[in-house]
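Peer 1: Below is the structure I would like to discuss, written out as structure tokens.
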Amino acid sequence: MMTGISLSILAGCLLSLQNIFNSKVSEKTGTWVTTALVLGLGFAASLTLGLLFQGTRMFRLGNMEAWFAFSGLLGVGVVVCMVQGIKHLGPTYGVLVALSSQLILALMLDSLGWLGLEKVDFTMKQLIGVLVVIGGAAVFKLSGNKRNARGAVHEHAEMEGLK
């Protein structure tokens with residue numbers, strides 16, 4: 001369990017860093033160049049490391065549903081939406097909103113047993129946990145943080161010479 005928690009914490013940290021890096025690249029190049037660069041470099045790195053650590057075994061996909069292999073295409077939407085979300089909301093609030101929606105969808109998929117997941121009973125504790133996260137997002141938004149959507153758009157307009 002500790003390994004899973006540690007790896008999940010590391011993934012969260014890496015995602016936050018990647019989102020900030022992506023938004024900085026996007027400021028100079030645009031969303032689509034950023035997306036191509038991020039996913040292209042990710043492909044090259046994962047192919048290289050996969051071959052290094054697994055060799056040709058990495059191409060044995062087993063008995064999975066064929067359409068699961070296309071999940072990488074979702075990465076295009078992830079990068080584009082996160083870059084735009086951070087541009088409009090700032091990093092903290094953009095990631096918080098994305099995390100909240102990710103948690104809600106994961107809970108729904110678990111509870112309904114969709115996409116080949118083992119069905120997990122929906123409990124009041126899970127509902128309270130999700131509501132706490134969403135409540136935290138609301139508190140953060142209402143806390144008077146001046147670096148909100150207007151600030152992020154204002155800064156972007158100045159960078160683009162629109163102000």
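Peer 1: Residue under question is Thr92, and the condition is that it be closer than 27 Å to Ser26 by Cβ, open to solvent by 60 Å² or more (accessible area, probe 1.4 Å) and modelled with pLDDT under 95; does it hold?
Peer 2: It is true that Thr92 is closer than 27 Å to Ser26 by Cβ, open to solvent by 60 Å² or more (accessible area, probe 1.4 Å) and modelled with pLDDT under 95.
For (1) among the polar types (S, T, N, Q); (2) farther than 22 Å from Val132 by Cα; (3) under 16 Å from the mean Cα position of the chain (by Cα); (4) in the same structural domain as Lys141 (by TED's automatic domain parsing), each residue gets a yes or a no:
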residue: Met2; (1), (2), (3), (4): no, yes, no, no
residue: Val25; (1), (2), (3), (4): no, yes, no, no
residue: Val38; (1), (2), (3), (4): no, yes, yes, no
residue: Phe43; (1), (2), (3), (4): no, yes, no, no
residue: Thr56; (1), (2), (3), (4): yes, yes, no, no
residue: Asn63; (1), (2), (3), (4): yes, yes, no, no
residue: Ala66; (1), (2), (3), (4): no, yes, no, no
residue: Val78; (1), (2), (3), (4): no, yes, yes, no
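Peer 1: Can you find even one residue in the stretch 50-60 that is surrounded by 10 or more Cβ atoms within 10 Å (Cβ to Cβ) and touching a residue at least 40 places away in the same chain (Cβ under 8 Å)?
Peer 2: no
Peer 1: Listed residues Phe53, Phe122; which is of a type outside the set (A, V, I, L, M), more than 17 Å from Asn22 (Cβ to Cβ) and touching a helix residue (DSSP H, G or I) at 6+ places or on another chain (Cβ under 6 Å)?
Peer 2: Phe122
Peer 1: Do you know which residues across the stretch 102-126 are outside any loop (DSSP other than H, G, I, E, B) and open to solvent by 100 Å² or more (accessible area, probe 1.4 Å)?
Peer 2: Passing the criteria: Gln102, Met124, Lys125.
The values are calculated or read from the model by the stated rules, or taken from the named source; none is laboratory data. Owing to the predicted nature of the structure, the values given are computational and were not obtained by experimental measurement. A quick note on method: Cβ atoms are made from the backbone with ideal geometry, for glycine too, and the neighbour counts reach across all protein chains shown. Ligands, DNA and RNA are stripped out before the accessible areas are found, and what is left, the full protein with its side chains, is counted by its heavy atoms. Shrake-Rupley method; radii C 1.70, N 1.55, O 1.52, S 1.80 Å.
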